[in-house]
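Take a look at the structure below.
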Amino acid sequence: MRIFVAYAISDDVKIQLHHLQQQLSPIYQNGRFKQPKNMHMTLRFVGEVNETQLASLIDEIDNIIDKHPVQQVILDQLGFFGKSAKKHSLWIGCHSQPPMEQLSNEITQCVIRCNIAVNDTPFVPHITLAQHGVFIGELPLFQPLKADLNRVCIYSSSRIEGELVYQPVKCWKLN
């Protein structure tokens with residue numbers, strides 16, 4: 001099973017992000033825009049795990065999650081990941097806050113304790129809006145969005161009838 005750990009995004013914020021995607025579509029041509037139901041803010045990509053590793057990871061996160069508070073963020077940055085004009089991701093993000101970085105680091109330690117290999121990708125608080133398009137024009141000004149990040153979930157990533165679907169495996173409500 002392919003998994004990652006992420007902040008869940010509320011439905012009202014997903015609706016606002018979908019409106020922003022519609023504004024961006026004329027300048028991000030041929031891009032694959034993320035479906036709102038798949039939007040999230042990744043804390044740690046994990047990758048392929050077996051059932052035993054997944055159960056261990058759930059136990060590890062159970063042990064650390066209670067001390068982590070809800071994060072209130074302002075999504076006020078648009079940007080790109082990737083080097084090629086045709087192979088990049090368009091995202092919206094926020095300034096990193098120490099509690100977010102601490103949670104990401106602790107989840108990484110949970111993954112390591114479960115004997116799951118980790119990549120060295122640093123935590124960058126963002127929500128992917130689209131991928132693999134061709135950017136033309138300038139990024140527009142937009143109204144920053146407020147979001148309360150009050151749940152953390154382990155998601156599975158799979159293709160169902162050719163569609164990429166992220167499904168929560170286990171979620172924790174933050175204090």
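The values are calculated or read from the model by the stated rules, or taken from the named source; none is laboratory data. Owing to the predicted nature of the structure, the values given are computational and were not obtained by experimental measurement. Positions of Cβ are backbone-derived with ideal geometry, glycine not excepted, and every protein chain shown enters the neighbour counts.
Of the residues that make up the stretch 72-84, is at least one more than 14 Å from VAL152 (Cα to Cα), assigned to a strand (DSSP E or B) and basic (Lys, Arg)? Yes, some residue in the stretch 72-84 is more than 14 Å from VAL152 (Cα to Cα), assigned to a strand (DSSP E or B) and basic (Lys, Arg).
Closer than 18 Å to ARG32 by Cβ, modelled with pLDDT of 95 or more and among the hydrophobic types (A, V, I, L, M, F, W, C) - does that describe any residue in the stretch 89-98? Among the residues of the stretch 89-98, at least one is closer than 18 Å to ARG32 by Cβ, modelled with pLDDT of 95 or more and among the hydrophobic types (A, V, I, L, M, F, W, C), which makes the answer yes. Within the stretch 121-159, the residues that satisfy the criterion of being in contact with a Gly (Cβ under 7 Å, 6 or more places away or on another chain), farther than 24 Å from THR108 by Cα and not in a loop (DSSP other than H, G, I, E, B) are ALA130, GLN131. Of all residues in the stretch 24-50, those that are within 17 Å of ASP12 (Cβ to Cβ) have Cβ atoms under 8 Å from Cβ atoms of residues that are assigned to a helix (DSSP H, G or I) and among the basic types (Lys, Arg), 6 or more apart or on another chain, in PRO36/LYS14; LYS37/LYS14; MET39/LYS14.
Residues of the stretch 72-88 that are surrounded by 12 or more Cβ atoms within 10 Å (Cβ to Cβ) and modelled with pLDDT under 95: GLN77, LEU78, GLY79, PHE80, PHE81, GLY82, HIS88.
Working carefully through the options ILE64, ILE15, find the one that is assigned to a helix (DSSP H, G or I), farther than 16 Å from LYS146 by Cα and touching a helix residue (DSSP H, G or I) at 6+ places or on another chain (Cβ under 9 Å). None of the other options fit; the residue is ILE64. If only residues of the stretch 118-152 that are polar (S, T, N, Q) and either over 14 Å from the mean Cα position of the chain (by Cα) or buried (at least 16 other Cβ atoms within 10 Å of the Cβ) (or both) are counted, the one that is farthest from GLN23 (Cα to Cα) is ASN119.
So if I check each of GLN71, GLN97, which one is under 17 Å from MET41 (Cα atoms) and touching a strand residue (DSSP E or B) at 6+ places or on another chain (Cβ under 6 Å)?
Of GLN71, GLN97, the one residue that is under 17 Å from MET41 (Cα atoms) and touching a strand residue (DSSP E or B) at 6+ places or on another chain (Cβ under 6 Å) is GLN71.
One residue stands out among those in the stretch 98-117 that are part of a loop (DSSP other than H, G, I, E, B) and surrounded by 14 or more Cβ atoms within 10 Å (Cβ to Cβ): the one that is farthest from the chain's Cα centre (by Cα), which is CYS114.
Scanning the stretch 116-165 for residues that are aromatic (Phe, Trp, Tyr) and within 27 Å of GLN29 (Cβ to Cβ) yields PHE135, PHE142.
Within the stretch 18-55, if we keep just the residues that are crowded, with 20+ Cβ neighbours inside 10 Å and among the charged types (D, E, K, R), the residue that is nearest to LEU145 (Cα to Cα) turns out to be LYS34.
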